[in-house]
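All remarks here apply to the structure that follows.
The values are calculated or read from the model by the stated rules, or taken from the named source; none is laboratory data. Predicted model, so just to flag it, every value in this text is computed and none were measured. FYI the Cβ positions are ideal-geometry reconstructions off the backbone, even for glycines, and counts take in every protein chain you see.
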Amino acid sequence: MLFCRFNLTQNALDAAIKPAYDKVKVVKSLISNLTMNKTAKWIVGVVVVALVIWVLVAANKKSQQPASNTGNDKMMAGETYKIGLLGPFTGDAAVYGEPLKKMVGIAVEEINNSGGVNGKKLELIVEDAKCNGKDASNGMQKLVNVDKVQVVLGGFCSSESLAAEPIATANKVALFSAGSSSPKLTGISPFFFRNYPSDASQGKVLADIAYNKKDWKNVAFIQEQLDYPLGIYNAFSPEFTKFGGKVTKEEFPTDTKDFRSIITKIKASNPDVVFVDTQTPAAAERIFKQMQEQKWKPNILVSDATSGDPKTVEANKAFLEGALAAEFGVDASNPKFQHIIQAYKGKYGEEPPYQSYAQTEYDAVYMLKDAIAQNSYDGTKIADWSRTVKNWDGASGKVTIGADGDRVGGHTPKVIKDGKVELYTE
């Protein structure tokens, strides 16, 4: 037996069925006046049943249509602007990915609740790139070829953006990163742009402080083998050696858990300072712990991946006392920045971590809103629009995008004191 379930109101049912039912009665009357064999009557009966089912289905569809086409009712399913979101939502780097998803979600929700863009809602399609090139490439292929997006927010990790860019460029899809900072991405494609500054400035700022302010002449790197840490090293090393300093480096793959041999080797070389250059604070914490187990507390430089995580800084405040970093700063007096902090706290019960990223993530969604509203939902036009951005007013301050796709501006020096990150002022 076949069962069909319909979502009908009584009025809709009566309105849809009555006219058809009257016709069925006419057909039934004609049938009763005909002389038929059993087979013919069976066939006609099937036709009548089919007619009744068709009436019920039509009535159900009619009942589900909106009562009016005003206001937000115009923004029906299928009438959305699809925005891809490519980031690290599992693994160690999920400490960046989850806040990214939440902050982007807040901005999208605000835009949709205020009428959307050109009468259409923004629709996020999320792909987990896991902070590596392989998964980023697979996710980007899916967003482009299956979901048919014209713009992707991401990647977050530089390795994600570097892998996604060739796919974006080949398919003329705009790729907009709010977190990737590798210098390799500068000018890489007319379809790539970012509102987070290149690590070229982070490395140069720290090289200048280390040599000229701290008088450190010998720096030992412990560098994770990923594009973001490599970008910092590649910016720091030539600047530091240009001043007259010496740089040595020990690299490690991402899945490394035991750093004892690396730490022992570096300790024996007696460097003036150790630069713990990791993609995630989790990797940095493992290094800090094993340094303390070996009863060694050298001078420390860290990337903003570590200094930007309040939990890591607080948990290691004694060990990190006096450590230096360079961050893309925040302006706590900016009303838009104040808004995103309160919006995040109101929704999730805590302030967002990595607030220098939070501000660019929020801004990126609103920048795309303007790009689509002023041009159209087209990857080439969005990418072209990015090169015209000048003094765009956001939570991260005034945003200007250069011809190379980079945000104009850079990092400022910071110091860790009593479990807090402060502006370095020496």
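The table for this structure:
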{"read-out": "Matching entry among Asp128, Asp92 (being assigned by TED's automatic domain parsing to the domain that holds Thr380 and modelled with pLDDT under 95)", "value": "Asp92"}
{"read-out": "Residue that is assigned to a helix (DSSP H, G or I), in contact with a Cys (Cβ under 7 Å, 6 or more places away or on another chain) and of a type in the set (Gly, Ala, Ser), where the choices are Ser137, Ser237, Ser159, Ser201", "value": "Ser159"}
{"read-out": "Ile263 of a type in the set (Val, Ile, Thr) and either under 18 Å from Gly308 (Cβ atoms) or part of a helix (DSSP H, G or I) (or both)", "value": "yes"}
{"read-out": "Test result for Asp370, surrounded by 22 or more Cβ atoms within 10 Å (Cβ to Cβ), out of contact with any Cys (no Cβ under 7 Å at 6 or more places or on another chain), at pLDDT 95 or above and within 22 Å of Lys101 (Cα to Cα)", "value": "no"}
{"read-out": "Top-ranked residue of region 321-356 - restricted to ones that are among the hydrophobic types (A, V, I, L, M, F, W, C) and in a strand (DSSP E or B), ranked as surrounded by the fewest Cβ atoms within 10 Å (Cβ to Cβ)", "value": "Leu324"}
{"read-out": "Search result, residues across region 102-144 that are among the hydrophobic types (A, V, I, L, M, F, W, C) and without any contact (Cβ under 8 Å) to a residue 24 or more places away in the chain", "value": "none"}
{"read-out": "Checking Asp147 against (1) more than 19 Å from Asp384 (Cα to Cα); (2) crowded, with 24+ Cβ neighbours inside 10 Å; (3) more than 14 Å from the chain's Cα centre (by Cα), the condition it does not meet", "value": "(2)"}
{"read-out": "Subset tally (residues that are crowded, with 17+ Cβ neighbours inside 10 Å and in a helix (DSSP H, G or I)) for region 168-192", "value": "5"}
{"read-out": "So Phe328, is it over 30 Å from Glu361 (Cα atoms) and out of contact with any strand residue (DSSP E or B) (no Cβ under 6 Å at 6 or more places or on another chain)", "value": "no"}
{"read-out": "Cross-chain or 6+ apart pairs with Cβ under 8 Å, region 314-327 first and more than 24 Å from Tyr196 (Cβ to Cβ), then among the hydrophobic types (A, V, I, L, M, F, W, C) and not in a strand (DSSP E or B)", "value": "Asn316/Phe288; Phe319/Phe288; Phe319/Met291"}
{"read-out": "Residue count, region 373-401 (criterion: touching a residue at least 12 places away in the same chain (Cβ under 8 Å), part of a loop (DSSP other than H, G, I, E, B) and within 23 Å of Val330 (Cβ to Cβ))", "value": "3"}
